[in-house]
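Structure first, commentary second.
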């Protein structure tokens, strides 16, 4: 049985919900919060799908305190998740958060519970993720390392950390021109990448919640405990995805057992691991190549122009 409360976020995908809810049922959490968004007006199929999803998660056949927060109308990804998690952390001090397309390894739950207890009073650590995008590379000798990247495909946090989330990004205009922002993201390519995203979030141009949470964690210099193996997989890449759209269903990242839990000696960001994430998850490597090509092209064109001018003077 999982003692830590689980917050489960669902919407309109009964096929995925059956799979991921079965994994939650196997853990028999003592307390379960279910957050559901409502149907979209311009999607006629949503009403039936949302109703079917809610019927699936009604099937509680173990001792469990269940609380439900169901939206009658569609709030959208940003408002529904943020308002739902606000509600969760108004009720409990800490929780494990799983969405309807996230399938965790069974080791994920014990890992989250152990680290929630260990770092409960350490303000440097703002969340625990089950994601690993290092492609088999181990970082340090412990079971996990610390990253600035707060991947949210299966994660856990505390009330005091979530309360630092700022949905309006009120701090962004001042922070983005500060020396603190440059120190936090010293790589100019990475900095420009995130400035573009956070600018769009500040102006409400993207309907999502996770970028807001990332900016808020970074603003408070928060770190994320990240496992040295992948403990969660996203099964939502496919035609039914909201932000993970693909023409066909795709297999998620393979899961691996964590093994005996060992802890890092220091709470410190692994910069090499984070550089790898930016380069190979967020496209930093391609951006660097494009930048080098751009500047090399300008150099070549400039040299040709100078050569042409010299020829004219002969």
Counting only residues that are surrounded by 17 or more Cβ atoms within 10 Å (Cβ to Cβ) and either under 12 Å from residue 229 (Cβ atoms) or touching a strand residue (DSSP E or B) at 6+ places or on another chain (Cβ under 6 Å) (or both), how many does region 118-141 have? 11
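Could you go through region 168-178 and let me know if any residue there is in a helix (DSSP H, G or I), touching a helix residue (DSSP H, G or I) at 6+ places or on another chain (Cβ under 6 Å), at pLDDT 95 or above and more than 22 Å from residue 267 (Cα to Cα). Explain how you work it out, then say what you get.
Looking only at region 168-178, we keep the residues that are in a helix (DSSP H, G or I), and these are 172-175.
From the residues that got through so far, the ones that are touching a helix residue (DSSP H, G or I) at 6+ places or on another chain (Cβ under 6 Å) too are 172, 175.
Subset that is at pLDDT 95 or above: 172, 175.
From what's left, more than 22 Å from residue 267 (Cα to Cα): 172, 175.
Yes: region 168-178 contains one or more residues that are in a helix (DSSP H, G or I), touching a helix residue (DSSP H, G or I) at 6+ places or on another chain (Cβ under 6 Å), at pLDDT 95 or above and more than 22 Å from residue 267 (Cα to Cα).
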Region 22-31, residues that are outside any loop (DSSP other than H, G, I, E, B) and under 14 Å from residue 2 (Cβ atoms): 23, 24, 25, 26, 27, 31
If you go through region 32-73, how many residues are outside any strand (DSSP E or B), closer than 14 Å to residue 6 by Cα and under 26 Å from the mean Cα position of the chain (by Cα)? 1
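Suppose we filter 29, 14, 44, 5 for residues that are without any contact (Cβ under 8 Å) to a residue 12 or more places away in the chain and either surrounded by 15 or more Cβ atoms within 10 Å (Cβ to Cβ) or more than 26 Å from residue 157 (Cα to Cα) (or both); which single one remains? Write out each step before concluding.
On the way: 29 fails: without any contact (Cβ under 8 Å) to a residue 12 or more places away in the chain; 14 fails: without any contact (Cβ under 8 Å) to a residue 12 or more places away in the chain; 5 fails: without any contact (Cβ under 8 Å) to a residue 12 or more places away in the chain.
That would be 44, the only listed residue that is without any contact (Cβ under 8 Å) to a residue 12 or more places away in the chain and either surrounded by 15 or more Cβ atoms within 10 Å (Cβ to Cβ) or more than 26 Å from residue 157 (Cα to Cα) (or both).
Out of everything in region 211-226 that is free of Cβ contacts under 8 Å to residues at least 60 places away in the same chain and surrounded by fewer than 21 Cβ atoms within 10 Å (Cβ to Cβ), what residue ends up being nearest to residue 109 (Cα to Cα)? Spell out the reasoning first.
Here is the first cut: in region 211-226, the residues free of Cβ contacts under 8 Å to residues at least 60 places away in the same chain are 211, 215-216, 219.
Narrowing further to those that are surrounded by fewer than 21 Cβ atoms within 10 Å (Cβ to Cβ): 211, 219.
Values: 211: 24, 219: 28 Å.
My answer is 211.
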When region 74-98 is checked residue by residue, the ones that are crowded, with 22+ Cβ neighbours inside 10 Å and outside any helix (DSSP H, G or I) are 95, 96, 97, 98
Given the criterion in contact (Cβ under 8 Å) with a residue 12 or more places away in the chain, assigned to a loop (DSSP other than H, G, I, E, B) and over 20 Å from residue 273 (Cα atoms), identify the matching residue among 122, 135. 122
When you look at residue 127, is it touching a residue at least 60 places away in the same chain (Cβ under 8 Å) and out of contact with any helix residue (DSSP H, G or I) (no Cβ under 9 Å at 6 or more places or on another chain), yes or no? no
Quick test of your reading of the structure: residue 204 fulfils all but one of (1) over 18 Å from the mean Cα position of the chain (by Cα); (2) outside any loop (DSSP other than H, G, I, E, B); (3) within 28 Å of residue 90 (Cβ to Cβ). Name the failing condition by number. (2)
So residue 117, is it under 27 Å from residue 29 (Cα atoms) and without any contact (Cβ under 8 Å) to a residue 24 or more places away in the chain: yes
Would you point out the residue of region 212-235, among those that are assigned to a helix (DSSP H, G or I) and over 16 Å from residue 97 (Cβ atoms), that is farthest from the chain's Cα centre (by Cα)? 219
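Quick check, is residue 180 surrounded by 15 or more Cβ atoms within 10 Å (Cβ to Cβ) and either closer than 29 Å to residue 116 by Cβ or free of Cβ contacts under 8 Å to residues at least 24 places away in the same chain (or both)? Before you say what the answer is, go through the steps one by one.
On the way: surrounded by 15 or more Cβ atoms within 10 Å (Cβ to Cβ): no; either closer than 29 Å to residue 116 by Cβ or free of Cβ contacts under 8 Å to residues at least 24 places away in the same chain (or both): yes.
Here the answer is no, as residue 180 does not meet what is asked.
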Matching residues in region 239-277 - criterion: being out of contact with any helix residue (DSSP H, G or I) (no Cβ under 9 Å at 6 or more places or on another chain), at pLDDT below 95 and either surrounded by 15 or more Cβ atoms within 10 Å (Cβ to Cβ) or part of a loop (DSSP other than H, G, I, E, B) (or both): 239, 241, 244, 246, 247, 248, 249, 250, 251, 252, 253, 254
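The values are calculated or read from the model by the stated rules, or taken from the named source; none is laboratory data. A quick note: this is a predicted structure, and the numbers were derived from the prediction, not measured. With ideal geometry, Cβ positions are generated from the backbone for all residues, glycine too; neighbour counts draw on all protein chains shown.
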